Ligand code: TXA
Ligand code: MG
């Protein structure tokens, strides 16, 4: 693919900087692809009705064509232009409770949505992001925006515009920079085209929160599943260049294992980075440590995880040891992403 100049807009204030967002929206309407911030991670967007533009996303990210995209909308009317709700009561309740926000719903696809977006499925993933810049960009474009995370396929999702540029400068038309994202890991994906609904990807909205609205749901996020319903789940994800090792157990057990691994890798002349919680971070010396705060409240760890993995690659460590967080609330999604990052290449 030929190099294209990637425009860059820094947004401080959505109202004041509206003309920059309008410029980006115009490029989207003209068939270009633009990276933009959402509350979860940065997305790489194209007009969801323009199949040529959507194909450019797959090329830029080197994304397998059988992995469908999420369509981002700024209103319920717009959502109705891409999916058929068919009096789907569960979906309505979830939308009412969580939108705008980090919950993606799989619903029956309308024919206006090209196959390129849905990867041949008769369903489409939709969400309304909770970010003023994303919402303004969609409104100004006046079309729904199909957008995966704005990273090269297989890399950690971008949580800053700099991460986007690292991966995609020269292969996208522009990036809107609104600083660091708030959440740091992707939206929860729930299939509401089946009854009862199934969580296909754990994410920023927790399983407990969803249960609070629609009762029991199952989840199916086993990458080893022979025919995963969410194709994205079968690919190796969220992975830096370095080898990632997850260390689990109680605080003391984790600490002694980490100290042991540090010594083992040092003996092999390998460099080590550690993504560690508050309790243990101070015990590790002679290695690069990034402290993610509390293990029992993984919000900060969620926010820092992808940036930390990228940072360790920049430093050039051979091995990244990651201390487990408590597997509750958003910690479930954090542990899911760490496990995927640590799968063998
Ligand atoms: O937070 C997020 O969800 C971010 C921001 C940019 O919105 N987007 C994101 O997109 O993470 P992506 O493409 O990286 O992940 C979308 C996931 C993939 O696992 C994909 O397979 C699944 O959603 N998906 C999309 N459409 C689907 C469909 N019709 N049926 C099943 N799974 C679907
Ligand atoms: Mg992604």
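The values are calculated or read from the model by the stated rules, or taken from the named source; none is laboratory data. Note that the structure is predicted; figures quoted are calculated from it, not measured. Don't worry about glycine lacking a Cβ; one is built from the backbone with ideal geometry, like all the others, and counts go over all protein chains shown.
So here's what we get for this one:
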read-out: Extreme residue, farthest from residue 167 (Cα to Cα), among residues of the stretch 235-284 that are in contact with a strand residue (DSSP E or B) (Cβ under 8 Å, 6 or more places away or on another chain) and without any contact (Cβ under 8 Å) to a residue 12 or more places away in the chain; value: 257
read-out: Residues located in the stretch 28-56, provided they are surrounded by fewer than 22 Cβ atoms within 10 Å (Cβ to Cβ) and closer than 15 Å to residue 133 by Cβ; value: 39
read-out: Qualifying residue in the stretch 246-254 (condition: buried (at least 20 other Cβ atoms within 10 Å of the Cβ), modelled with pLDDT of 95 or more, farther than 18 Å from residue 333 by Cα and more than 14 Å from ligand 1 (Cβ to nearest atom)); value: yes
read-out: Hey, residue 264 assigned to a helix (DSSP H, G or I) and touching a helix residue (DSSP H, G or I) at 6+ places or on another chain (Cβ under 7 Å) or not; value: no
read-out: Filter result for the condition that a residue is surrounded by fewer than 18 Cβ atoms within 10 Å (Cβ to Cβ) and at pLDDT below 95, over 66, 84, 77; value: 66
read-out: Verdict on residue 180 being surrounded by fewer than 22 Cβ atoms within 10 Å (Cβ to Cβ) and outside any helix (DSSP H, G or I); value: yes
read-out: Selected residue [within 10 Å of ligand 1 (Cβ to nearest atom), assigned to a strand (DSSP E or B) and closer than 23 Å to residue 62 by Cα] from 126, 175; value: 126
read-out: Any hit, the stretch 323-330, residues being touching a residue at least 24 places away in the same chain (Cβ under 8 Å), in contact with a helix residue (DSSP H, G or I) (Cβ under 6 Å, 6 or more places away or on another chain), within 17 Å of residue 154 (Cβ to Cβ) and not in a helix (DSSP H, G or I); value: no
read-out: Filtered residue count, the stretch 286-322, keeping only those that are assigned to a loop (DSSP other than H, G, I, E, B) and farther than 20 Å from residue 186 by Cβ; value: 9
read-out: Residues of the stretch 122-154 satisfying the condition of being crowded, with 22+ Cβ neighbours inside 10 Å and over 23 Å from residue 26 (Cα atoms); value: 124, 125
read-out: The listed residue being within 14 Å of ligand 2 (Cβ to nearest atom), in contact with a helix residue (DSSP H, G or I) (Cβ under 7 Å, 6 or more places away or on another chain) and either within 17 Å of residue 67 (Cα to Cα) or at pLDDT 95 or above (or both), out of 187, 153, 149, 171; value: 153
read-out: Members of the stretch 127-146 found to be more than 16 Å from ligand 2 (Cβ to nearest atom) and touching a helix residue (DSSP H, G or I) at 6+ places or on another chain (Cβ under 6 Å), listed by number; value: 136, 137, 140, 141, 144
read-out: Residue within the stretch 149-157 that is within 16 Å of the chain's Cα centre (by Cα), within 13 Å of ligand 1 (Cβ to nearest atom), within 17 Å of residue 46 (Cβ to Cβ) and outside any loop (DSSP other than H, G, I, E, B) present; value: yes
read-out: All positions within the stretch 158-171 that are assigned to a loop (DSSP other than H, G, I, E, B) and within 14 Å of ligand 1 (Cβ to nearest atom); value: 158, 159, 160
read-out: All positions within the stretch 309-328 that are buried (at least 22 other Cβ atoms within 10 Å of the Cβ) and touching a strand residue (DSSP E or B) at 6+ places or on another chain (Cβ under 6 Å); value: 312, 317, 320, 321, 322, 323
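Table: residues versus (1) over 19 Å from residue 139 (Cβ atoms); (2) touching a residue at least 24 places away in the same chain (Cβ under 8 Å).
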| position | (1), (2) |
| --- | --- |
| 25 | no, yes |
| 28 | no, yes |
| 45 | no, yes |
| 57 | yes, yes |
| 81 | no, yes |
| 89 | yes, no |
| 100 | no, yes |
| 110 | yes, yes |
| 117 | yes, yes |
